[in-house]
Amino acid sequence: MTTRRPTIAKFTRREFEDRAERARRLMTGARLDGLLLTSESNLEYLSGFTTQFAWNSPTRPWYFLLPRVGPPLAVIPEIGESNWRATSWVANIQTWPSPRPKNEGLDLLRGAIGKMRRRYGRIGFELGPETRIGMPVADLLRLRRTIRRFTMVDGASVMRELRLVKSPAEVARIRQICQIVSDSFDALPGMVQPGDSERDVVGKFQADILLRGAEKTPYTAIGSGRGGYHSIIMGPTDRKLREGDVFLIDTGSRLGGYFCDFNRNIAIGPPTDAVKRAQDTLTLATDAGIRAIRPGNRASDLFAAQARVLEEAGYTIGNVGRFGHGLGKVMTEPPSNRADDPTELVPGMVLTIEPSLRFGRGKILVHEENAVVTETGCRLLSRRAPRAMPIIRF
């Protein structure tokens, strides 16, 4: 296979400056004097900093402080200064000689926070739903005790609102990784050979995605079994694929810091009538979910549209709790396409449509596509799967 590295859609300095200004407006609405970010997705989103090192080594924490008034500040280990200056638009940096377990930059943070303009007396941290914090909890509690002019509160709602709608450059990156993975899925049936195990197939599939230009494939699940599968989130096992099997591969692969997340179902030999009926129903449910993606609808409407098709066909809906979700710098982002999520859809949101059903003796079948909300409806970012399940013949 001839490969050519993709040209990744660029972010301008203006885009990062606009993100910071939108964050400040949201901070005012949430009555926050600042945001302290420590997770890869949020820190990278506002600072532009990209690194292979920081998030694969828990030895050193990395901090990004965005005051409501005043310039942003990076407080980072000195080992990362050159990496920061090469990738981030933020020039204001303070460093310390990490690792220093007794004080990993906490004095610098305390000093920087102490100089911030105080209006509300509140600083937002990544404490709420769908967030993770990238510093030791003991250090977090220690910092809370030392920033007495400010109260530590949850800032997750600000970051959720900020990242919910994607810019054209963000959408372009997601579309790029979706197209790379779509090409690999099209090639997948030709990769599977008699005697291959799940592990063999996943290895070849991941290698193909990387050769086509993805930066990584951190999530690749597979499920297989005679006439269907029982899990959609497991990694590969040594189970060998056999005639009569149906298998799923679902991948969250990444390019330029942005994810795709979709799957394909493939049969080894002709599928049974039960499998074909389940596949047909999932295709209709996916169609209904895609039609429901339009401005003014809510995430709950996407769930209802897909659930209606499955229930009218007599199926029990799957066990994932939702039929899709947001997509971006993290593989699963808000909103959740579930019955009680009231999030209104607006142009620029990127979503997955993911109906799942149960059939037979505990079997599951799931299908997923990725799309962006447009002014008039939606545009698919993944290449639509064939309506009939592909068949591999040994």
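Where a number appears in this text, it was derived from the coordinates with a stated rule and is not lab data. Keep in mind the model is a prediction, meaning the values are calculated, not measured. Because the Cβ atoms are built from the backbone with ideal geometry, glycine has one as well, and the counts that use them run over all protein chains shown.
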Pop a pseudo-label 7 angstrom from the Cα along the beta-carbon direction at both Asn92 and Ile391 and give the gap in nm to one decimal. 6.5
Karplus ³J(HN,Hα) for the stretch 260-268 (6.51 cos²θ - 1.76 cosθ + 1.60, θ = phi - 60°; Hz, whole; x = Gly/Pro) runs 9, 7, 7, 10, 9, 10, 9, 9, 9
Using amide H atoms built in the peptide plane, which far-off residues or other-chain residues are under 5 Å from Gly134 H to H? Thr38, Ser39
What full-extension length gain, to one decimal in nm, is calculated for Arg384 and Ala172 as 0.36 nm per residue of separation minus the Cα-Cα distance? 74.6 nm
Here is the link list: Lys166/Lys363; Lys329/Lys363; Lys166/Lys276; Lys102/Lys216; Lys10/Lys102; Lys204/Lys363. Which ones come out longer than 30 Å on Cα distance? Lys166/Lys363; Lys329/Lys363; Lys166/Lys276; Lys102/Lys216; Lys10/Lys102
Could you tell me the largest-minus-smallest coordinate of the C-alpha atoms of the stretch 168-392 on each of the three principal axes, in descending order and whole angstroms? 49, 42, 24
The simple spin-label model distance between Glu243 and Arg361, using points 7 Å out along Cα→Cβ, in nm, is 2.1
Of (i) 20.4, 59; (ii) 22.9, 70; (iii) 31.4, 109, which one was derived for Rg and Dmax of the Cα atoms in Å from the structure shown? (ii)
In the stretch 274-288, whose amide N lies under 14 Å from the spot 7 Å out along Cα-to-Cβ of Glu312? List them in ranges. 281-288
Size of electric dipole in the stretch 11-70: Cβ of Lys, Arg +1 and of Asp, Glu -1, about Cα centre, debye, nearest 20: 180
Most exposed first by the Cβ proxy, i.e. fewest other Cβ within 10 Å, how do Ile177, Ile222, Ile147 rank? Ile147, Ile222, Ile177
So, with points 7 Å from each Cα along the Cβ direction, the Asn56-Ala339 label distance in nm works out to 4.4
For the stretch 13-163, what log10 I(q)/I(0) values come out of the Debye formula at q = 0.09, 0.20 1/Å, with one point per alpha carbon and no solvent? -0.24, -1.37
Between the stretch 1-68 and the stretch 252-298, what is the C-alpha centre distance in whole Å? 31
When the charge dipole of the stretch 63-117 is computed with +1 at the Cβ of Lys and Arg and -1 at the Cβ of Asp and Glu, the Cα pointing farthest to the positive end, of Gly105, Trp84, Pro67, is that of Pro67
Would you mind telling me the antiparallel percentage of the DSSP bridges in the chain, rounded to 5? 80
Going toward the positive end of the dipole of the chain, with +1 on Lys and Arg Cβ and -1 on Asp and Glu Cβ, which of Met27, Ile353, Thr286 do you reach last? Met27
Test item: Cα-centred dipole of the stretch 278-394, Lys/Arg +1 and Asp/Glu -1 on Cβ, debye: 440
Antiparallel %, DSSP beta bridges [both residues in the stretch 13-163], to 5: 40
Where does each of 233-245, 91-103 land if you order them by average Cβ count within 10 Å, highest first? 233-245, 91-103
Tell me, what HN-Hα J-couplings in whole Hz come from the Karplus equation 6.51 cos²θ - 1.76 cosθ + 1.60 at θ = phi - 60° for each residue of the stretch 185-194, using x for Gly and Pro? 5, 4, 7, 4, x, x, 7, 7, 10, x
Phi to ³J(HN,Hα) by Karplus 6.51 cos²θ - 1.76 cosθ + 1.60 over the stretch 156-164, Hz, x for Gly, Pro: 4, 5, 5, 5, 4, 5, 5, 8, 5
Could you compute the net charge surrounding Ala388? Neighbours are other residues with a C-beta less than 11 Å from the C-beta of Ala388; K and R count +1, D and E count -1. +1
Expressed as an acute angle from 0 to 90° and rounded to the nearest 10, what is the orientation of the C-alpha long axis of helix 273-292 relative to the principal long axis of the chain? 40
Would the stretch 174-305 count as rounded, prolate or oblate if I go by the C-alpha gyration tensor, calling it rounded below 1.5 in a/c and otherwise prolate when a/b exceeds b/c, oblate otherwise? oblate
Cα extents of the stretch 75-161 along the three principal axes, largest first (Å): 33, 30, 26
Put +1 on the Cβ of every Lys and Arg and -1 on every Asp and Glu Cβ in the stretch 38-151; which of Ser41, Pro58, Gly128 then has its Cα farthest towards the positive end of the dipole? Gly128
Tell me, how many Å apart are the Cα centres for the stretch 95-122 and for the stretch 168-213? 43
Dipole size in debye (nearest 20) for the stretch 13-163 around its Cα centre, Lys and Arg Cβ +1, Asp and Glu Cβ -1? 760
Normalised convex hull volume, the stretch 274-344, alpha-carbon set, Å³ per residue: 94
From the square roots a ≥ b ≥ c of the eigenvalues of the alpha-carbon gyration tensor of the stretch 1-91, which class results: rounded (a/c under 1.5), prolate (a/b over b/c), or oblate? oblate
